[in-house]
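K.L.:
Let me give you the structure first, and then I'll get to my questions.
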Amino acid sequence: MLGVMDADLQHPPEVLTRLVSALRDKNVDVAIATRSGPGGGSAAEWRWMRRLTSWAARHLAACVLPRTLADLSDPMSGMFLIRARALQGVRLEPTGYKILLEVLGKAHYSELVEVPFVFQARSLGSSKLGMRESLQYLAHLGRLARSTGQLRSWIRYAAVGFTGAVVNVGVLAFLAERRAWPVGWALPVAILLALMNNFFWNWLSTFRTLQALRVEPRAGVLSRLLHYGKVCATGMALNASLTLVLDWWGVPLPLASAAGVTLGGAWNLFFNVPAIWRSWDSPVPRSQGPVWDDSGNRRLVSTGHTSSQQH
């Protein structure tokens, strides 16, 4: 058993006993102290900017490495335990001090548990967070995206998103300008066709290597399509709203549609990527999701995370 803990007492040492207890379950390979969930939190002395920065860092990690971190509530934790066998044959090369990202990206694990705790206020010393550490963090995420193969998925995902934008703008312009459909009728058709385009091209290209797609294909595709549509609903609504407003202001329809597509796509990119990845990464719908057990620990089961090469 190996462990990491920041030595500034912001991570209470007594939490280690709960981490050790979590690893007594032979199915659990990693136990992580988390500030999220029942029983977790941060010191009241934290200012709103510090809380926002912490949330942004966690969300960015989940967006850049969605297959690895989409379900994890606190990938920035400075306290965790891991079985030594999970790191056999693994070369760790962390950049900066967030070694947990490196471990989760490369280790051979099947199940992890998050143990909630209250992150304490700093009594001595000063925070390591600064411009240099922030740049190291971004570089670390980029390197992990490349080494785990998720960068290739991101490139395919971006290409599919571009085709969806073309479908959206093209279909809307064709129906409204060539077929004289009212914009209010043509717009939902264009947006839904773009959604279908993105879903199926991502299915055939971006996520084609995932075993989840080969489990109960008919039911799986339908459930994933419904989940995907639900996750993207806000982005679609923003797309439609901005397109209609700009069209009403007299902006040429293709430009109005392009602006709407950009707004909706940006919303999904910055807020929904982890949830979108779940549309494919799980063999069953995530309606149940990770659960908090009676002791307040959050259990997550990885879908085939046995090595970084499988990403």
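The values are calculated or read from the model by the stated rules, or taken from the named source; none is laboratory data. Just so it is clear, the model here is predicted, and its values are computed rather than measured. All Cβ positions, even for glycine, are placed from backbone atoms using ideal geometry, and neighbour counts span all protein chains on display.
K.L.:
If ARG156 passes every condition in (1) surrounded by fewer than 20 Cβ atoms within 10 Å (Cβ to Cβ); (2) over 21 Å from the mean Cα position of the chain (by Cα) but one, which one does it miss?
P.N.:
In the conditions (1) surrounded by fewer than 20 Cβ atoms within 10 Å (Cβ to Cβ); (2) over 21 Å from the mean Cα position of the chain (by Cα), ARG156 misses (2) alone.
K.L.:
State the number of residues belonging to the stretch 71-104 that are among the β-branched types (Val, Ile, Thr), outside any helix (DSSP H, G or I) and over 21 Å from LYS26 (Cβ atoms).
P.N.:
Result for the stretch 71-104: 1.
K.L.:
Could I ask something else about it? Looking for something in the same structural domain as SER134 (by TED's automatic domain parsing), among the hydrophobic types (A, V, I, L, M, F, W, C) and touching a Leu at 6+ places or on another chain (Cβ under 6 Å) - is there at least one such residue anywhere in the stretch 40-61?
P.N.:
Checked against the condition, which is being in the same structural domain as SER134 (by TED's automatic domain parsing), among the hydrophobic types (A, V, I, L, M, F, W, C) and touching a Leu at 6+ places or on another chain (Cβ under 6 Å), the stretch 40-61 yields at least one hit.
Residue-wise test of (1) modelled with pLDDT under 85; (2) within 17 Å of LEU112 (Cβ to Cβ).
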| site | (1), (2) |
| --- | --- |
| THR17 | no, no |
| ASN27 | no, yes |
| ALA31 | no, yes |
| GLY37 | yes, yes |
| SER42 | yes, no |
| TRP46 | yes, no |
| ARG51 | yes, no |
| SER54 | yes, no |
| ARG58 | yes, yes |
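K.L.:
Those residues that are under 19 Å from ARG132 (Cβ atoms) and surrounded by 23 or more Cβ atoms within 10 Å (Cβ to Cβ), I need them from the stretch 56-100; list them, please.
P.N.:
Residue satisfying the conditions is ALA61 alone.
K.L.:
Now for a separate question. Kindly indicate whether ALA256 is outside the structural domain of ALA56 (by TED's automatic domain parsing), in contact with a Ser or Thr (Cβ under 6 Å, 6 or more places away or on another chain) and at pLDDT 95 or above.
P.N.:
Answer is yes for this residue.
K.L.:
Same structure again: Which one is modelled with the lowest pLDDT, of the residues in the stretch 214-242 that are surrounded by 17 or more Cβ atoms within 10 Å (Cβ to Cβ) and farther than 25 Å from LEU263 by Cα?
P.N.:
Checking each candidate, the answer is GLY220.
K.L.:
Would you call ARG83 of a type in the set (Lys, Arg), touching a residue at least 60 places away in the same chain (Cβ under 8 Å) and closer than 30 Å to LEU269 by Cα?
P.N.:
It is false that ARG83 is of a type in the set (Lys, Arg), touching a residue at least 60 places away in the same chain (Cβ under 8 Å) and closer than 30 Å to LEU269 by Cα.
K.L.:
Filter the stretch 22-38 for residues that are touching a residue at least 60 places away in the same chain (Cβ under 8 Å) and surrounded by fewer than 16 Cβ atoms within 10 Å (Cβ to Cβ); which is farthest from TYR109 (Cα to Cα)?
P.N.:
Filtering the stretch 22-38 for residues that are touching a residue at least 60 places away in the same chain (Cβ under 8 Å) and surrounded by fewer than 16 Cβ atoms within 10 Å (Cβ to Cβ), the one farthest from TYR109 (Cα to Cα) comes out as PRO38.
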